[in-house]
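Down below is the structure, laid out as structure tokens.
The values are calculated or read from the model by the stated rules, or taken from the named source; none is laboratory data. Everything numeric here is computed off the predicted structure, so don't read it as measured data. Neighbour counts run over all protein chains shown; Cβ positions are idealised from the backbone, glycine included. These area figures cover heavy atoms from the full protein model, side chains too; ligands, DNA and RNA do not enter into them. Shrake-Rupley method; radii C 1.70, N 1.55, O 1.52, S 1.80 Å.
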Amino acid sequence: MHFSPRIYSAGLMMVLAFFLIGSGRPPHGTSTAPTVHLPKTVSVKDFARKYGFTDVKVSKEQVHLKGRVHELIFSKHSRRAELNGTVVWLNDAMVVEERQWVLSQTDVQLTLKPLLVPAELLKGCGYQVVVLDAGHGGEDGGAVSPTGLLEKQVVLDITNRVRALLMAEGYKVYVTRHNDRFLELAERPRRAEKWNADVFVSIHANSGGASAVGTETFALSLPGYPSTNQSAGSAVPKDSNPGNLFNQANVSLAYAIHHALVHQNQLTDRGLRRARFAVLKNAPCPAALVEVGFLSHAQEGAKLAKAETRAALSLSIATGIDNYLRTVKKAVISADIAE
Ligand SMILES: [Zn+2]
């Protein structure tokens, strides 16, 4: 199936068009983006009612929503939110409009809805083929720990463990590299395309200042929106990338992995973030990039040097991918029955 990514000129309406197109395999013959007229913001009260949050409490710093299944906490005038104890960075801050707390429609449709009701949105996705991408390799060592351990070694070990775990669950799993070799960034999503990937997960370890610590998972940034780490005032690309065809599935996948990682390993939670990494931009399917921890941090680097830590992280990444794929499978089967 071929669907050429289109270049759009303007921000919000174009971003919203993606949720109408859907997050799964793009439909045949989609040649024009549908015109949508939705309000730019949604009051937190209306949002809570629509998604089954029966309890709404406003404290000094936050707005807390609680329902039968989910708990969601928004920080006032901030992009920081927490879903079921896991940090999620929004595209827009929750702000006050006409004396009400409001969220942007973009975040409701393309960040929160895919996390709260993923089954509704994943009907068009696949659930069998996993492509794992161990970052760096060969002459590109990646991040370095204070003791000289290289990112390329750590992430290859984790990737091979995740592969074994998912194969044992019956998935078809490919890896972009299974040994210490250099691979161009562009080649990685290209391989995923060749193998008809249903998900693409790139695995990395981070590098930063001596005190930087914790785990973060990335989904591709939305066109017209800055990446989470982008400094204020720098240019925001408006163009859509091939990976933006899967906006809703991207965030569901990234959250599933991040939630499992953070909660099963007591990690510092740096949140589900957005970035325009090359492998995410060109992914031919729903994709996420995991930074398991800071190799550059003395304690975290020492932890990543231990096989037992890498085994635990691998189990969580595999669990997250498996949870996402099970959700897709359920959604596809129930859609088939309904037809
Ligand atoms: Zn890396």
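Here are some notes:
- Accessible surface computed residue by residue for region 41-116, with neighbouring protein chains in place and a 1.4 Å probe, gives 49 Å² per residue.
- In degrees, nearest ten, helix 151-168 long axis to first principal axis of the chain (Cα): 70
- Of all accessible heavy-atom area on the chain, the percent that carbon and sulfur account for (1.4 Å): 52
- Protection proxy ranking, highest mean first, for peptides 267-277, 137-147: 267-277, 137-147, where packing is the per-residue count of other beta-carbon atoms within 10 Å, averaged.
- Rounded tilt (10° steps) of 12-21 against the dominant C-alpha axis of the chain: 80
- Reach of K50 by Cα under 19 Å, taken over lysines that are not fewer than 8 positions away in the same chain: K40, K66, K113
- Packing here is the average count of other Cβ atoms within 10 Å per residue, and on that basis the peptides 112-121, 253-262, highest first, run 253-262, 112-121.
- In Å², nearest 10: area of S334 left accessible to a 1.4 Å probe: 70
- For the cross-link pairs K172/K303; K76/K123; K281/K329; K45/K303, the ones whose C-alpha atoms lie over 32 Å apart are K76/K123; K45/K303.
- The HN-Hα couplings worked out from phi for region 67-80 by the Karplus form 6.51 cos²θ - 1.76 cosθ + 1.60 (θ = phi - 60°) are x, 5, 9, 10, 10, 9, 10, 9, 8, 5, 6, 9, 8, 7 Hz, whole numbers, x standing for Gly and Pro.
- A simple packing score, the average count of other Cβ atoms within 10 Å per residue, orders the peptides 185-197, 235-247 as 235-247, 185-197, with the highest score first.
- Each residue of region 246-258 is assigned a 3J(HN,Hα), and the resulting list reads 10, 3, 6, 5, 4, 6, 4, 5, 4, 5, 4, 5, 4 Hz, derived from the Karplus form 6.51 cos²θ - 1.76 cosθ + 1.60 (θ = phi - 60°), x at Gly and Pro.
- Taking amide H as placed 1.01 Å from N in the peptide plane, A134 has its amide H under 5 Å from the amide H of T176, R177, I203, each at least 5 places away in sequence or on another chain.
- From phi via Karplus (6.51, -1.76, 1.60), per-residue ³J(HN,Hα) for region 141-149 in Hz, x at Gly/Pro: x, x, 5, 10, 7, x, 9, x, 6
- Helix-only [θ]222 nm of the chain, DSSP H runs n ≥ 4, -39500 (n - 2.57) each, per residue, nearest 500: -10000 deg cm²/dmol
- Partners for K238 among aspartates and glutamates (Cα-Cα distance below 17 Å; same-chain residues under 8 apart left out): D92, D107
- With protein chains left intact and a 1.4 Å probe, residues in region 126-335 average 38 Å² of accessible area per residue.
- D140 sits among other residues whose Cβ lies under 15 Å from its own Cβ, and their net charge, with Lys and Arg +1 and Asp and Glu -1, is -2.
- Charge context of S316, other residues only, Cβ under 12 angstrom, K/R +1, D/E -1: +1
- The loop-placed trypsin sites (Lys or Arg not before Pro) in region 54-97, going by DSSP, that have at most 16 neighbouring Cβ atoms within 10 Å of their Cβ come out as K60, R68, K76.
- The share of C-alpha pairs in the chain whose separation exceeds 30 Å stands at 33 percent.
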